[in-house]
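Q: I have a structure I would like to understand better, so I am pasting it below and will then ask my questions one at a time.
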Amino acid sequence: MKIVVTGGAGFIGSNFIKYILRKYQDYKILNIDKLTYAGNLENLKEVEANPNYKFLKKDICDKDLEDYIENYDVIINFAAESHVDRAIYNPERFLKTDIFGTFNLLEITKKRNIRFIQISTDEVYGSIEEGSFDENSPLNPSNPYSSSKGSADLIVLSYFKTYKIPVNIIRSCNNYGPNQFPEKFIPLMITNAIEDKKLPIYGDGLYRREWIYVYDNCEAIDFVLHKGKEGEIYNVSSEFSIPNIEIAKKILKLLNKSEDLIEFVKDRPGHDRRYSIKCEKIKKLGWEPKVDFEEGLKLTVKWYIENKKWWEKIKKSKKFLTFYKKIYNF
Ligand SMILES: NC(=O)c1ccc[n+]([C@@H]2O[C@H](COP(=O)([O-])OP(=O)(O)OC[C@H]3O[C@@H](n4cnc5c(N)ncnc54)[C@H](O)[C@@H]3O)[C@@H](O)[C@H]2O)c1
């Protein structure tokens, strides 16, 4: 199989590329990535010499992108602006990449007559006090990130209905694991704790998310790639949820640090209280998560301890420090 992965230098995309090239020795991957602040080719060191892997530095919004995509079977679109806090301060680039970029890729898919898989998020359903959303639940996003992703999902579905393009949408819960950019919740908590810095917790800390180890999500995408039914949406979650404050405490315990490092900060505007999704559909394909949260968190903490150079460079950069100060005011 010949696969175009977009956004493959980011967190989930790079884990997915490594997973596929390890598992299928005859598959070929073209990774197209603009290398924004979140893209990092160091994530792909293990595959850069692999003859089945190619990299192209390009924006998914570029109109001439179709010239580079010939003789592929499928585009899997991971490329996105992905951080809610940044979306609140600068929504424009979220609308450009997450909506227009997806549209551009769909046009290429239509011309080349190939499959399209959109990597989406549970955030498109919005917050739910009790119970869980399934794939037929209405979209009710709350911020410019989730509404851009939700808009893209609707456009993807319209290409299935109007042009009969074989599409799938995968809506996963929060991922965690190796190579996640340290502005995101779990790596921020781990790296701040290692550095003996304060752990900023929004509001009362009782915001709840479901968490999946990134390897389990890669496997779920693999299931959809090989067994997914055309036009279908698949939710992907461990169905395990936990409040943010509890995660911070678990990380501090694993690192043998004091809970005094926790600092409550002013809440994020439009902050969704709880996300929860049902995953019966993907389970019917044979998938199930393998890594429980305790084990996944231990593996993740270990990875950040062993890969200090990777994240220290990012956290010391002026760009990161400016963003951090703006969001948390310290
Ligand atoms: N991380 C999560 O918890 C999570 C959960 C559910 C869904 N998702 C979705 O999964 C996908 C990947 O998320 P992630 O956490 O790996 O994100 P990330 O921010 O780590 O990586 C995004 C990648 O996309 C690239 N990119 C951004 N704009 C681009 C453009 N215009 N053209 C080409 N490349 C561009 C970046 O350089 C980067 O390599 C996203 O679509 C996101 O919405 C993420």
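Q: Take the range 250-271 and flag every residue that is over 22 Å from the mean Cα position of the chain (by Cα) and open to solvent by less than 70 Å² (accessible area, probe 1.4 Å). Even if it seems obvious, please write down each step before you answer.
A: Quick first cut of the range 250-271, residues over 22 Å from the mean Cα position of the chain (by Cα) only: 250, 252-267.
Once the filter is applied, which keeps residues that are over 22 Å from the mean Cα position of the chain (by Cα) and open to solvent by less than 70 Å² (accessible area, probe 1.4 Å), the range 250-271 yields K250, L252, L255, K257, S258, L261, I262, E263, V265, D267.
Q: Has the range 306-318 got any residue that is closer than 20 Å to K250 by Cβ, touching a Leu at 6+ places or on another chain (Cβ under 7 Å) and surrounded by 12 or more Cβ atoms within 10 Å (Cβ to Cβ)?
A: no
Q: Does the range 276-287 contain any residue that is within 17 Å of M189 (Cβ to Cβ), small (G, A, S), buried (at least 18 other Cβ atoms within 10 Å of the Cβ) and within 18 Å of the chain's Cα centre (by Cα)?
A: Checked the range 276-287: no residue is within 17 Å of M189 (Cβ to Cβ), small (G, A, S), buried (at least 18 other Cβ atoms within 10 Å of the Cβ) and within 18 Å of the chain's Cα centre (by Cα).
Q: Does Y234 satisfy being closer than 17 Å to N174 by Cα, open to solvent by less than 50 Å² (accessible area, probe 1.4 Å) and aromatic (F, W, Y)?
A: Considered against the rule, which asks whether it is closer than 17 Å to N174 by Cα, open to solvent by less than 50 Å² (accessible area, probe 1.4 Å) and aromatic (F, W, Y), Y234 comes out as yes.
Q: E42 fails exactly one of the following numbered conditions: (1) within 11 Å of the ligand (Cβ to nearest atom); (2) under 21 Å from F320 (Cα atoms); (3) open to solvent by 50 Å² or more (accessible area, probe 1.4 Å). What is the number of that condition?
A: Failed condition: (1).
Q: Right, next: Going by the conditions given, is E239 farther than 22 Å from S142 by Cβ and surrounded by fewer than 21 Cβ atoms within 10 Å (Cβ to Cβ)?
A: Spelling it out, it is not the case that E239 is farther than 22 Å from S142 by Cβ and surrounded by fewer than 21 Cβ atoms within 10 Å (Cβ to Cβ).
Q: Is there a residue being within 11 Å of the ligand (Cβ to nearest atom) and over 27 Å from L206 (Cβ atoms) anywhere in the range 140-159?
A: So far as the range 140-159 goes, yes, one or more of its residues are within 11 Å of the ligand (Cβ to nearest atom) and over 27 Å from L206 (Cβ atoms).
Q: Quick one: what pairs do we get from the range 253-280, first residue free of Cβ contacts under 8 Å to residues at least 12 places away in the same chain, second surrounded by fewer than 14 Cβ atoms within 10 Å (Cβ to Cβ) and not basic (K, R), C-beta under 9 Å, 6+ apart or different chains?
A: From the range 253-280, the pairs are K253/E259.
Q: Could you list, in sequence order, the residues of the range 150-164 that are open to solvent by 10 Å² or more (accessible area, probe 1.4 Å) and either farther than 22 Å from S82 by Cβ or in contact (Cβ under 8 Å) with a residue 40 or more places away in the chain (or both)?
A: S151, I155, L157, S158, Y159, F160, K161, T162, Y163, K164
Q: Taking the stated definitions as given, is T102 at negative phi, open to solvent by less than 10 Å² (accessible area, probe 1.4 Å) and at pLDDT 95 or above?
A: yes
Q: So, of the residues in the range 122-149 that are of a type in the set (S, T, Y) and under 15 Å from K278 (Cβ atoms), which turns out to be most open to solvent (accessible area, probe 1.4 Å)?
A: Only one residue tops the list, namely S132.
Q: Name the residues in the range 153-172 that are β-branched (V, I, T) and not in a loop (DSSP other than H, G, I, E, B), would you? First the steps, then the outcome.
A: Filtering the range 153-172 down to residues β-branched (V, I, T) leaves 155-156, 162, 165, 167, 169-170.
Passing the criteria: I155, V156, T162, V167, I169, I170.
Q: Mind listing whichever residues of the range 21-39 are open to solvent by less than 50 Å² (accessible area, probe 1.4 Å) and over 20 Å from K58 (Cβ atoms)?
A: If the condition is that a residue be open to solvent by less than 50 Å² (accessible area, probe 1.4 Å) and over 20 Å from K58 (Cβ atoms), then L21, Y24, Y27 are the ones that fit.
Q: For the range 165-207, give me each residue that is of a type in the set (K, R) and surrounded by fewer than 19 Cβ atoms within 10 Å (Cβ to Cβ).
A: K184, K197, K198
Q: Of all residues in the range 66-83, how many are within 11 Å of the ligand (Cβ to nearest atom) and out of contact with any Asp or Glu (no Cβ under 8 Å at 6 or more places or on another chain)?
A: Selection size over the range 66-83: 4.
The values are calculated or read from the model by the stated rules, or taken from the named source; none is laboratory data. This one's a predicted model, so the numbers in the text were calculated from it and none came from an experiment. Here the Cβ is made from the backbone with ideal geometry for all residues, glycine too, and neighbour counts use every protein chain on show. Remember, those area values only see protein heavy atoms, side chains included, never the ligands or the DNA or RNA. Shrake-Rupley method; radii C 1.70, N 1.55, O 1.52, S 1.80 Å.
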